[in-house]
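So the structure is just underneath, and the comments pick up after that.
The values are calculated or read from the model by the stated rules, or taken from the named source; none is laboratory data. None of these values were measured; they are calculated from a predicted model. Cβ: placed from backbone, ideal geometry, glycine included. Neighbour counts: every protein chain shown.
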Amino acid sequence: MSVIIPVYNCDRFLGEAIDSVLIQTYQDYEIIVIDDGSTDQTCQVLEPYRNKIQYFYQENQGSAVARNLGIKEARGELIAFLDADDFWLLPEKLGEQVNCFEQQPSLGSVHTGWRIVDEAGDKIIDVEPWGDVPNLNLESWLMYKPVKTSGMMIRQDWLEKVGGFDGELRQSHDVDLVLRLALMGCAAAWWRRVAVGYRRYQGNTTRNTQTQAKCLLKVLDKFFSHRDLPASIQQMESQVRYHTLVWIAWYQYYQGFYGEMARFLKRSLEYTPYYKVETISDWVEQFKKFSVQNRLSLDICLLTDLPEWQQLIF
């Protein structure tokens, strides 16, 4: 078992991430830390762990490239990933995922739920994706994208088959990876426990909303450009693009980028299965749903009174 932790200027959280690995009941593992060109106190934080980790340094190239270096150096048959600002909640996390592979040898990957926490690590909400997405297959990965990198455990040979992460993607490379794995026939399953603490705070990479949106749409462009997609998957393209654009629009709204919100909602009109009035109603319902899922409040009056929203309607 190899645990790969990429880190870039995350010294204040890194120790907690490593400690959450060291307390695992399953002890047959190696910890590989890939320093992606950090300029903070990362090296000093790692000093007490030097005899417990393998450390590699690279010039800053992004977490996808860092994870690929970790995969290259890994000796384990199974690979688990942990972001430096996340942590594992349960000491049995590794052991139970390994047990899933042993019970189902055909599995290529096993995934967990996650807890969204604040900067201090206090609970905001637990996310149990299997409630809406009980089966992990190409259709569900594509439609719902229920992936959290720090909850993934994947067979090394499957990572080699697909060539690892796409190093050109600064974000959403986990979505790209699971889509490519599923397209090649990699079987995936849930370990149905909330096992990861995922921090929501100002400064983590997923807060870069513009990059995230660009990369996620690039992942879809890349995926639907495959010439050998099953006909049933090809027929999902409009539905997937519509749903993804509305989610991106909601995320832009949540971050306060109302012009970008309107831009992505307007793009969703190209793929909507509804008349325009029905589409606008669906936008509101989707915004409500996404807000509830993330335990965020949504002021419908504020939303619909925005000039950017009004311009979409008239």
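Ala64 meets the stated requirement of being crowded, with 20+ Cβ neighbours inside 10 Å, out of contact with any strand residue (DSSP E or B) (no Cβ under 8 Å at 6 or more places or on another chain) and assigned by TED's automatic domain parsing to the domain that holds Asp122.
Results for (1) buried (at least 19 other Cβ atoms within 10 Å of the Cβ); (2) part of a loop (DSSP other than H, G, I, E, B); (3) out of contact with any strand residue (DSSP E or B) (no Cβ under 7 Å at 6 or more places or on another chain), shown as yes or no for each residue.
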{"position": "Asn9", "(1), (2), (3)": "no, yes, yes"}
{"position": "Arg12", "(1), (2), (3)": "no, no, yes"}
{"position": "Ala17", "(1), (2), (3)": "yes, no, no"}
{"position": "Tyr26", "(1), (2), (3)": "no, yes, yes"}
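Where helices (runs of 4 or more DSSP H) fall entirely within the stretch 108-193, those with at least 1 residues that are within 24 Å of Ala231 (Cα to Cα) and among the acidic types (Asp, Glu) are at 138-144, 173-183. Looking across the stretch 268-314, not a single residue is touching a strand residue (DSSP E or B) at 6+ places or on another chain (Cβ under 6 Å) and hydrophobic (A, V, I, L, M, F, W, C).
Within the stretch 257-288, if we keep just the residues that are among the charged types (D, E, K, R) and surrounded by 14 or more Cβ atoms within 10 Å (Cβ to Cβ), the residue that is nearest to Leu217 (Cα to Cα) turns out to be Arg267.
Among the residues making up the stretch 212-252, those that are in contact with a Phe, Trp or Tyr (Cβ under 7 Å, 6 or more places away or on another chain), buried (at least 16 other Cβ atoms within 10 Å of the Cβ) and not aliphatic (A, V, I, L, M) are Arg241, Tyr242, Trp247, Trp250, Gln252. Taking the stretch 209-314 and the helices (runs of 4 or more DSSP H) fully enclosed by it, the elements with 3 or more residues that are closer than 24 Å to Trp141 by Cα and over 21 Å from the mean Cα position of the chain (by Cα) are at 231-234, 258-268, 276-293. None of Arg200, Arg180 is modelled with pLDDT under 95 and closer than 25 Å to Ile248 by Cβ except Arg200.
If you take the residues of the stretch 28-61 that are within 27 Å of Gln212 (Cα to Cα) and aromatic (Phe, Trp, Tyr), which of them is surrounded by the most Cβ atoms within 10 Å (Cβ to Cβ)? Selected residue: Phe56.
Do we have Tyr201 as under 17 Å from the mean Cα position of the chain (by Cα), of a type outside the set (A, V, I, L, M) and either assigned by TED's automatic domain parsing to the domain that holds Ser268 or outside any helix (DSSP H, G or I) (or both) here? Criteria met by Tyr201. As a summary of the residue check, Leu229 satisfies the conditions (1) outside the structural domain of Phe165 (by TED's automatic domain parsing); (2) touching a Lys or Arg at 6+ places or on another chain (Cβ under 9 Å) except for the one numbered (2).
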